[in-house]
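Worksheet for the structure shown next.
The values are calculated or read from the model by the stated rules, or taken from the named source; none is laboratory data. Computed from a prediction, not measured in an experiment: that's the story for all the values here. A quick note on method: Cβ atoms are made from the backbone with ideal geometry, for glycine too, and the neighbour counts reach across all protein chains shown.
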Amino acid sequence: MSASAHKPVLLVTSSDLASQAVEMLESFDLVYAGKNPDEGTLVALCEQHQPVAMIVRFGKIPARVMDASKKLRVISKHGAGIDSIDTAAAAERGILVRAAAGANAAAVAEHAWAMIFACAKSLVQLNGRMHDGHWDKSTHKSLELQGKTLGLVGFGAIGQRTAAVGLALGMRVMVFDPFVSNAPEGVEVASLDEVLSQSEVISLHCPLTSDNRNLINRETISRMRDGVIIVNTARGGLVDEEAVIEAIRAGKIRAAGLDSFHTEPLTGEHHFTGVPNLILTPHVGGGTTDAYVNMGTAAARNVLDALKQ
């Protein structure tokens, strides 16, 4: 879509945006970068259209992309995680960075629980066995979650929803979050080491920072309970992928569910191919119809509010 001369341009780093968000942005010319745009495409579009704002769904936004538009004032993430945006570079240039915090919380928490249940009940494996003509009733034993400990790393909107389900299931719920000193009744605030070493199920719900990269690694896995379940619906950089593969093959990790990865997209043959007891989804934890609308409208609102400043 080409921009007209009388409206400021807003660049959307995807091929679409919820219609509700588009209506909110009627005072802008919207330029869509297409599905999974690379850095070169984004630079070229910024040079051509000089957007005042960006809504970031896919792709990374380094300094080179920002510098391609002299008019850029705000970068609004279509979601909660802003690790794909060079926030330090944005701050140096006086460009505001905003996230749609909480807009996809329900969707991601539900996805985390879908993975936890699938890991605990061996749903993927049993389904495959049934389709292959087997009947494992006399030999299979799954994991009952009642009475087990759920450890959450991160206690924002997603972590809080995940904790509520754990409590409803009769689980002990422990959380580590350096920015949280108290929690709702029934939820224990603990150290990271306590959460990792005492939990039968560990679910990650924190942003990726320089301090927690590869938080799940060989050393931290060694301190976990034997047969632990690990689920990551946050950021791929939180998990040392080779360490998880080794621990699954060794039986230290009972099962794992991963929705995000160091390298995305993860396609074709890759190091996870053929690893047992490992459930993979293509970073779609927040990919529900409702969340798509919520994230789009929140991102649009953040643009409008930022440009008023």
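Please verify whether Phe155 is under 16 Å from the mean Cα position of the chain (by Cα) and more than 19 Å from Ile279 (Cα to Cα), treating the condition exactly as stated. Write out each step before concluding.
Values: under 16 Å from the mean Cα position of the chain (by Cα): yes; more than 19 Å from Ile279 (Cα to Cα): yes.
Yes; evaluated as a whole, the condition is true for this residue.
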Next item on the list: For the stretch 72-79, state whether one or more residues are assigned to a loop (DSSP other than H, G, I, E, B), touching a helix residue (DSSP H, G or I) at 6+ places or on another chain (Cβ under 6 Å), under 25 Å from Val284 (Cβ atoms) and modelled with pLDDT under 95.
Entry: yes
Notebook entry, point to check: Only one of Ser138, Ser142, Ser69 is in contact with a Ser or Thr (Cβ under 6 Å, 6 or more places away or on another chain), of a type outside the set (Lys, Arg), modelled with pLDDT of 95 or more and part of a loop (DSSP other than H, G, I, E, B); which?
Noted result: Ser142
Next item on the list: Please tell me if Gly151 is under 21 Å from Trp113 (Cα atoms), exposed (fewer than 15 other Cβ atoms within 10 Å of the Cβ) and of a type outside the set (Phe, Trp, Tyr).
Entry: no
Next item on the list: Report, ordered by the first and then the second residue, all pairs with beta carbons closer than 6 Å, sequence separation of six or more or different chains, a first member in the stretch 197-219 that is assigned to a loop (DSSP other than H, G, I, E, B), and a second member that is among the β-branched types (Val, Ile, Thr).
Entry: Ser199/Thr149; Glu200/Thr149; His205/Ile158; Cys206/Val153
Note to self: Out of Ile61, Ile55, I need the residue that is surrounded by 22 or more Cβ atoms within 10 Å (Cβ to Cβ), in contact with an Asp or Glu (Cβ under 8 Å, 6 or more places away or on another chain) and under 9 Å from Thr13 (Cβ atoms). Which one?
What the structure shows: Ile61
Checklist line | Tally of residues being of a type in the set (Ser, Thr, Tyr) and buried (at least 19 other Cβ atoms within 10 Å of the Cβ) across the stretch 246-284 | finding: 1
Note to self: Being among the acidic types (Asp, Glu) and under 22 Å from the mean Cα position of the chain (by Cα) is the filter here; which residues of the stretch 5-64 pass it?
What the structure shows: Asp16, Asp38, Glu39
Next item on the list: Please find, within the stretch 263-291, the residue that is nearest to Glu242 (Cα to Cα) out of those that are touching a helix residue (DSSP H, G or I) at 6+ places or on another chain (Cβ under 8 Å) and small (Gly, Ala, Ser).
Entry: Gly285
Margin query: With the requirement that a residue be in contact (Cβ under 8 Å) with a residue 60 or more places away in the chain and assigned to a strand (DSSP E or B), what does the stretch 220-234 give you?
Written below: Ile229, Val231
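Residue-wise test of (1) within 14 Å of Val108 (Cβ to Cβ); (2) in contact (Cβ under 8 Å) with a residue 12 or more places away in the chain.
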site: Leu150; (1), (2): no, yes
site: Gly156; (1), (2): yes, yes
site: Thr162; (1), (2): yes, yes
site: Val165; (1), (2): yes, yes
site: Leu169; (1), (2): no, yes
site: Val173; (1), (2): no, yes
site: Asp177; (1), (2): no, yes
site: Ser181; (1), (2): no, no
site: Glu185; (1), (2): no, no
Notebook entry, point to check: Would a scan of the stretch 218-239 turn up a residue that is at pLDDT below 95 and over 24 Å from Ala88 (Cβ atoms)?
Noted result: no
Note to self: What's the number of the only condition in (1) surrounded by fewer than 20 Cβ atoms within 10 Å (Cβ to Cβ); (2) out of contact with any Ser or Thr (no Cβ under 6 Å at 6 or more places or on another chain) that Leu42 fails to meet?
What the structure shows: (1)
Next item on the list: Would you confirm whether any residue within the stretch 296-308 is assigned by TED's automatic domain parsing to the domain that holds Met54, touching a His at 6+ places or on another chain (Cβ under 7 Å) and touching a residue at least 24 places away in the same chain (Cβ under 8 Å)?
Entry: yes
Check: Listed residues Ala243, Ala300, Ala306; which is under 21 Å from the mean Cα position of the chain (by Cα) and either surrounded by 23 or more Cβ atoms within 10 Å (Cβ to Cβ) or farther than 18 Å from Val201 by Cα (or both)?
Finding: Ala300
Next item on the list: Mind listing just one residue for me: the one in the stretch 184-225 that is within 20 Å of the chain's Cα centre (by Cα), surrounded by fewer than 15 Cβ atoms within 10 Å (Cβ to Cβ) and hydroxyl-bearing (Ser, Thr, Tyr) and, of those, farthest from Asp259 (Cα to Cα)?
Entry: Ser210
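Would you check if there is a residue in the stretch 138-157 being within 30 Å of Lys308 (Cα to Cα) and not small (Gly, Ala, Ser)? Steps first, answer last, please.
Step one: list which residues in the stretch 138-157 are within 30 Å of Lys308 (Cα to Cα), which gives 156-157.
Cutting the leftovers down to not small (Gly, Ala, Ser) gives us none.
No, the conditions are met nowhere in the stretch 138-157.
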